[in-house]
1. Kindly establish whether S42 is farther than 16 Å from Q129 by Cβ, among the hydroxyl-bearing types (S, T, Y) and loosely packed, with under 13 Cβ neighbours inside 10 Å.
2. Check every one of the strands (runs of 3 or more DSSP E) wholly within the range 51-128 and list those with 2 or more residues that are aliphatic (A, V, I, L, M), within 24 Å of L38 (Cβ to Cβ) and in contact with a Ser or Thr (Cβ under 9 Å, 6 or more places away or on another chain).
3. Checking A26 against (1) surrounded by 15 or more Cβ atoms within 10 Å (Cβ to Cβ); (2) within 26 Å of Q129 (Cα to Cα), only one condition comes out false. Which one?
4. When only residues in the range 129-153 that are in contact with a helix residue (DSSP H, G or I) (Cβ under 7 Å, 6 or more places away or on another chain) and part of a helix (DSSP H, G or I) count, which is most open to solvent (accessible area, probe 1.4 Å)?
5. When you scan the range 96-105, do you find a residue that is crowded, with 19+ Cβ neighbours inside 10 Å, of a type outside the set (D, E, K, R) and under 22 Å from E46 (Cα atoms), even just one?
6. Would you check if S116 is over 15 Å from the mean Cα position of the chain (by Cα) and over 27 Å from N19 (Cβ atoms)?
7. Confirm whether V55 is among the aliphatic types (A, V, I, L, M) and farther than 18 Å from I12 by Cα.
8. I need a count of the residues in the range 63-78 that are more than 12 Å from G125 (Cβ to Cβ) and either hydrophobic (A, V, I, L, M, F, W, C) or free of Cβ contacts under 8 Å to residues at least 24 places away in the same chain (or both).
Amino acid sequence: RHGEQPPVVLVIAGSGTLNDELQQLAKDLQIESSVHFLGHRSDAIEFAAAIDINVLPSIHSETLGYSLIEAMFAGRPSVVSDVGGMKELVWKSGGGKVVKAHDAEALADALSCYLSNPAQMKLEGRKAQSYALAHLTADKMAAATLEAYVKLV
């Protein structure tokens, strides 16, 4: 199997109103053996360490997903859409890719880029981790929050 890429597996953590529709779509596309729906997880840190790429293709504005921060601490790159606050963390850290919301082709291209270049995937994961350790620890975030309050008062 030299030269072949390992099979890609999609793991979906959490659940929502589209869960049944997504499961049916996986069946219709005959990829259900490669798509795993895990539902709610309480082991976010372990989960982040077990994946290769964190993907948050939000189409509605999100302030900041904890899963992004958990992936950063685990040294995993993220592919996020350009809505909400997640894009700023990815841009600042250099630890991932930002794609236009609703653009499935751009999302696929970003994932394909990582899958075809594991060295880049690892490098950007390390960048995300370095940024998280430098800026996103509880102590750093508490100090930044205090500094913001002091400026307001």
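1. When the stated conditions are applied, S42 passes them.
2. Answer list for the range 51-128: 54-56.
3. Looking at each condition in turn, A26 falls short on (2).
4. Residue satisfying both the conditions and the ranking: Q129.
5. Yes; the residues of the range 96-105 include at least one that is crowded, with 19+ Cβ neighbours inside 10 Å, of a type outside the set (D, E, K, R) and under 22 Å from E46 (Cα atoms).
6. yes
7. Taking the combined requirement at face value, the residue does not satisfy it.
8. Residues flagged as more than 12 Å from G125 (Cβ to Cβ) and either hydrophobic (A, V, I, L, M, F, W, C) or free of Cβ contacts under 8 Å to residues at least 24 places away in the same chain (or both) within the range 63-78 amount to 6.
The values are calculated or read from the model by the stated rules, or taken from the named source; none is laboratory data. Everything quoted here is computed from the prediction, not taken from an experiment. As a convention, Cβ positions derive from the backbone with ideal geometry for all residues, glycine included, and neighbour counts pool all protein chains shown. With ligands, DNA and RNA removed, areas are computed over all heavy atoms of the protein, side chains included. Shrake-Rupley method; radii C 1.70, N 1.55, O 1.52, S 1.80 Å.
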